[in-house]
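Down below is the structure, laid out as structure tokens.
What follows draws every value from the coordinates through simple rules; no lab data is involved. Since the model is a prediction, treat every value here as computed from it, not as a measurement. Cβ atoms come from the backbone with ideal geometry, glycine included; neighbour counts cover every protein chain shown.
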Amino acid sequence: MTPVDPLAEVVREEWGRLAALLLARFRRLDLVEDALGDAVEAAARAWPDDGVPDRPAAWLHTTASRRILDRLRTEAVAQRVQPLLVVEAARAEAGRAMADPGALVEDDLLRLVLMCSHPALAPEAASALSLRLVLGVSTPDIARLFLVPETTMAARLTRAKKRIVGAGIPFGVPDSSVLPGRIDTVAQTAYLAFTAGYSPGTGTDLLRPSLSGEAIRLVRSVLALRPGEAVLVALLALMLFQHSRRDARVRDGRLVLLPDQDRELWHRDEVEEARALLDAPALRGPVTRQAAAYTLQARIAAEHALAPSAAETRWEHVVGLHDLLLGLAPTPSGRLARAVAVAEARGPAAGLAALEGVDIPTTHRLAAVRAELLARSGQHDAARAAYDQALAACRNDVESAHLRERRQSLG
Amino acid sequence: MKYLVLLIGDGEVKPWAEQTPDEQMTAMGLFQAFDEACAGREGVELLAGEALAEASDATTLRTRGGQLQMTEGPYAEVVEGMGGFYLIEAPHLDVLVDLLGVLPPYDMQISPVVDVSG
């Protein structure tokens, strides 16, 4: 273990709260992030010589506030008026009264989370912005996560911040009639960031599990603000089950699919935590459709995580869970996943039958699964044609190589 | 903030002309309820709101090569079904969206108004 860098530690723990406090006070979404970044740089220069201050977060807050005040003064001299973030009336009043600063800061963090994942923002923009503003993940890292150039991500973040101010997306917590839906959106936003890390890239960035881990951190911090929120409990379980397999998913620079993974490499502590989450009281009462869907997906992941070997997976259970999931959301990708489970439980012919009528024009996966099932059932000509179809639609080098290999193995 | 809300499409609402008198009465009730909801909400002011004539009565005006050109009909297909608009002062998007939920479920476009006076 390397010794803990106190600056990295405080940035990791406090970035979101600091950003939220500065936003509530100055209402300048365009300045807060840069000012905090500057403050962190200043700390990196000053702390090694001067020693770590007693209250490191307060030090960063003061330094960042000064930066913003400098900028505001410059603007005042130039007589420029910049648009301000809308802060909900309740927060503005609470800020004046300051009855309980501690609770206020926690509420500000929730306001920041809800603002970043507002449904009026495009999901990818919301996801990137949440990682940046709530967790302080760097723009280059977020760019790596989403497999886009750094300049593209920087522009996306700038646009999202401008849109929040321009469209009048508030820094606020909506009333209880709307809040559950908004927490669902927060969950979707976090899950999008999580899955982005497991979307195959190239070279050393084939998978980016440590960045997916940041999405888990996002869910944990929101869960700390809203304990027992069913959709977040279910999502955390789902993410932990999937994340626990990270070290087994790549071998010698190549993707390793679930049945071929070395189960010794799975993180058992995370599997256990996820399993305990699925038993949490939060998931026993009535929950939103989104929470129910994550719960079922997590239960499917649990079947895989707890099977002693791939061959011993309880495939009929998996099929049953997919049936329930389809009852909630009858999506083509859900039917595809069910067909895979059906093939494992009842053979390739049953899998092929379950694929009938499924159409997903945007991905190579459907053709890839059909090809695999045709190959297993000995229909080699049809399998070759399906592999060709999958290869034509596949946009990823790693997966294309895998498909080509499978096609060649047919002889 | 000030917003222009365009009632831009019928969405799942039956076109006005196809509604029975009872259905039209119900819709009118919703418009009335929306007016009242706006009046009762702090920081919200309904500045203007009108129903618009059918698309076939609209005229599109373009300037091309310095010449004003008029063509029959709305500007583009997307506003074919535009039935009305509101100009509303509201504290922020969430309050506005909350209030718009009172209206019949039209498809709407919400555009913030930019202050160009300063």
Per-residue average of Cβ from other chains inside 10 Å of B:87-98: 5
Using amide H atoms built 1.01 Å from N in the peptide plane, name the residues 5+ places from A:VAL250, or on other chains, whose amide H lies under 5 Å from its own. A:VAL256
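Under the definition of partner shielding as Cβ atoms of other protein chains within 10 Å of a residue Cβ, what is the mean value for peptide A:165-173?
On the way: counts 2, 3, 7, 12, 3, 6, 1, 4, 1.
Neighbouring Cβ atoms belonging to other protein chains average 4 per residue here.
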Averaging sequence separations of C-alpha pairs under 8 Å and six or more residues apart, then dividing by the length of chain A, give the relative contact order as a whole percent. 11 percent
Length released on extending from A:ALA120 to A:LEU410, taking residue separation times 0.36 nm less the Cα-Cα span: 99.5 nm
For the protein assembly as shown, convex hull volume per residue from C-alpha positions, Å³: 233 Å³
Theoretical FRET efficiency, 1/(1+(r/R0)^6), r = Cβ-Cβ of B:ASP35 and B:ASP107, R0 25 Å, to 0.05: 0.75
Between the range B:15-88 and the range A:138-183, how far is it from one alpha carbon centroid to the other, in angstrom? 31 Å
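What does the convex hull of the Cα atoms of chain B come to per residue, in Å³, rounded to a whole number? The partial results should precede the final answer.
Working: hull volume 14.4 nm³, N = 118.
About 122 Å³ per residue, rounded to a whole number.
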Between the modelled labels at A:VAL256 and A:THR151 (7 Å from Cα along Cα→Cβ) the distance in nm is 3.9 nm
In Å and on Cα atoms, what radius of gyration and Dmax does the range A:361-411 show? 9.8, 29
For chain A, modelled as a Gaussian network with Cα springs under 10 Å, which listed residue fluctuates most, A:VAL222, A:VAL40, A:VAL113? A:VAL40
If one compares the long axis through the Cα atoms of helix A:332-346 with the longest principal axis of the Cα atoms of chain A, the angle in degrees, nearest 10, works out at 40 degrees
How high is the relative contact order of chain B, in percent, with contacts defined as C-alpha pairs under 8 Å that are six or more residues apart? 50 percent
Checking rank on B:41-52, A:70-81, with mean other Cβ inside 10 Å and highest first, the result is B:41-52, A:70-81
Tell me, how many Å apart are the Cα centres for the range A:207-284 and for the range A:318-336? 21 Å
Quick check: from the Cα gyration tensor, does the range A:1-155 come out rounded (a/c under 1.5), prolate or oblate? rounded
Using a basic spin-label model with each label point 7 Å from the Cα along Cα→Cβ, how many nm lie between A:ALA385 and B:THR71? 4.6 nm
If R0 is 30 Å, what FRET efficiency do you get for A:ALA92 and A:ARG217 from their C-beta distance, rounded to 0.05? 0.50
